[in-house]
Structure formats: structure tokens, C-alpha cells
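Worksheet for the structure shown next.
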Amino acid sequence: MLIPKEFIEIIPFALAAAISPLIFTVALLVASQKNNSFLKSMLFLLGAFVSISAIGSAIFIFLSRVSPARQPTAGDAVIDLLIGVLLIGFAIFQMLSKKTKNKASNNLSGYKTLAMGVIFMALNTSTIIMFLPAAHVASYYSDGVKIELLAVMIFFALLPVLIPPVMLVLIKSKNRIDSIKDIVNTKGQYIVAAVFGLLGIFELIKAFRVLI
């Protein structure tokens, strides 16, 4: 069965939305709590889901235009151009920004974990920015397809929250988990910068193909 065109177009942005060292590291810290770690991970996931669903829906609604299957116009090219500049600018910012250490208490309450999910996902700019080009792709399609594409984006955005609890079940060695956290903290921002830079160039190419 062939994958629909709209899903192929959105996959690069969905994959980029899943690359989030910040939310991944915090999710690891929450999942490694001594007491009720699974419950806390689910509460953190719930908070992240509420946050990214609200923000992602707002972005999709704001950039939504009901005009299925139309061809890109000069206006669309300008939007692609602006998104490309934004992504490349964010990539440069990631390269130059200082690393921050994420800390979590060893005795988080349920309410605090839920709130952390909401707040950290809302601060997760590397994921949220990916909803902009995704929403622009979705603007070519009908409302039903837009909802499906939004659901895909939300799912991928939540992968960094879903993976840590699974990892902790499969990898029971604390040293290995700490090694993974160290790698993410050390190399994460450069990985994000590289992905965003490439997608930014891709958006610029799309824009120039229409404008030139």
C-alpha cells in the first residue's frame, strides 16, 4: 500500500519534531525516579500531550487555508522562504547557545510531574517550530487531512517522552542510562542544529523554485 503524498511531505518535519534533547533528558530523569516512576512518566506524558496538542492545534488553525490540492503560489513561496530563514536562524542559535543542565528532584509529586510535562513541552522550541512548516504543508489539503497530519505531528513530538520509560524497562543498567543522558546533553544541540539547518535549506529551495 502506497503512503499518501501528504504524509511523505510531512515526515521530515515530524522526524525533526521528535529530535528534542531537552524533553528527552527530562523524561529520562522523571522515568528514573525512585518511587512510582511509571505513574510519574505517564503524568509527564499527559502534561506534554496537553501542551503540544494545544500549541500544535493553534499553529495549524492559524496557518490553515481551506483550498485542497491547489498549486503553490508566490505567497506560499514567501512563507517557505520565511520558514527556511527561521529554521536556519534557529540552527545557528542552537550551535552558539550554551548547554544547560536539566535537573529533577528525586521525590517529584504527581501534580508537579504533570505540570513539568506541560511547561517543558511548551518551552520545547525545537519541536514547536517544526509545526510551522508542517502546518504550511497541511494548508494544501482538506480539513480531514489537516487533522490527520496534526495527529502525526503530535505523535512524533511525544516520542521523546514515550521512549525513556521503555528504555528504562529494557535497559536496566543505570550506568548505560547515564551514558545515554551524557551523550544527549553533549551532542544533542549539534544534532538539532544540523537537522534544522538541512530543513531550512530544503525550505529555501522550495521557495526559490517558485519565485525564480
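Coordinate-derived values only; no laboratory data. The shown structure was predicted, so the numbers you read here are calculated from the model rather than taken from an experiment. Note that each Cβ is placed from the backbone with ideal geometry, even for glycine, and that neighbours are counted across all protein chains shown.
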Exercise. Output the pairs from K34/K112; K5/K40; K5/K206 with a Cα-Cα distance over 27 Å in this structure; if there are none, say none.
Key: K5/K40
Quiz item: What is the spin-label model distance, in nm, from A194 to L46 if the labels are put 7 Å beyond Cα along the C-beta direction?
Solution: 3.8 nm
Quiz prompt | Stretch gain in nm, segment K5-K112, where the contour uses 0.36 nm per residue and the Cα spacing is subtracted | solution = 34.4 nm
Practice problem: Could you please rank S57, S139, S20, placing first whichever residue has the fewest other Cβ atoms within 10 Å of its Cβ? | Solution: S57, S139, S20
Quiz prompt | Gain upon complete extension [V169, T125; 0.36 nm per residue less C-alpha separation] | solution = 13.0 nm
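Compute the FRET efficiency between S179 and A151 as 1/(1 + (r/R0)^6), taking r as their Cβ-Cβ distance and R0 = 25 Å, and round to the nearest 0.05.
E between S179 and A151, to the nearest 0.05, is 0.15.
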Quiz item: Of I154, I23, how do they rank once you tally other Cβ atoms within 10 Å and put the fewest first?
Solution: I154, I23
Self-check item: Inter-label distance, nm, simple model (7 Å from Cα along the C-beta direction), I92/F208
Solution: 1.6 nm
Self-check item: Length added when fully stretched, N35-F62, from 0.36 nm per residue minus Cα-Cα
Solution: 5.6 nm
